[in-house]
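The values are calculated or read from the model by the stated rules, or taken from the named source; none is laboratory data. Just so it is clear, the structure is predicted and the values come from calculations on it, not from any experiment. We place every Cβ from the backbone using ideal geometry, glycine too, and count neighbours over all the protein chains shown. SASA here: full protein model, heavy atoms, side chains in, ligands and nucleic acids out. Shrake-Rupley method; radii C 1.70, N 1.55, O 1.52, S 1.80 Å.
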Amino acid sequence: MRSIQRMLTTTKRKISLVERERLQIKLGKLNSSFVARQLKAVEKQNRAKYREVRFYEKKKVMKILNRARKISDEANRTRELNRANELLNYILHFPMDRKYISLFKNFNTSDSHNVGQQKRLERERNGVMDMIRAKIKSLAVVTQMDEGRQGRSLEEFRKDSLREVRLQLERDRIVQGKKQLPL
């Protein structure tokens, strides 16, 4: 990566426009893969760091979920089940590139400093919950589209999917300037 940056910035060697563009594309790909690797490393570190906290919170939420299933009143049961499912989704789908915000962390409310901190954590937690709700909703829409296959049979759907993959591979080969291989 550094050698490509040096090559692009030095004036000693004249580089043609085509070569310069190719190097810039290569540098962009290297930068994006570097950022992706850093993000994976942070996610792996946070996954290990917050594993135990998430495990105990999941146990607590499962107890809440089991308690909610035993409620006899239908309205209260559905409300409690929805609340417990949201808490479980929070634990399962929390983005691992962030510091985990515990669901059940309570502060002493008599201390004014803790009250402000509690409110800040609630705002952050609600923001993450909204993000998770949107993510789950978009996944549900995509799943419904995949299951329906827009009225095509499974065999037609597979053929069309294979055709789309082949077209994408051909486009990638043309962009990269590689010789096209038979499919």
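Annotations for the structure displayed:
- The residues listed here are L169, L81; of these, the one that is at pLDDT 85 or above and either assigned to a helix (DSSP H, G or I) or open to solvent by less than 100 Å² (accessible area, probe 1.4 Å) (or both) is L81.
- Region 35-47, residues that are under 21 Å from L88 (Cβ atoms) and aliphatic (A, V, I, L, M): none
- Any pair with Cβ under 6 angstrom, 6 or more apart, that starts in region 42-58 at a residue that is more than 11 Å from Y100 (Cβ to Cβ) and ends at one that is part of a helix (DSSP H, G or I): K58/I91
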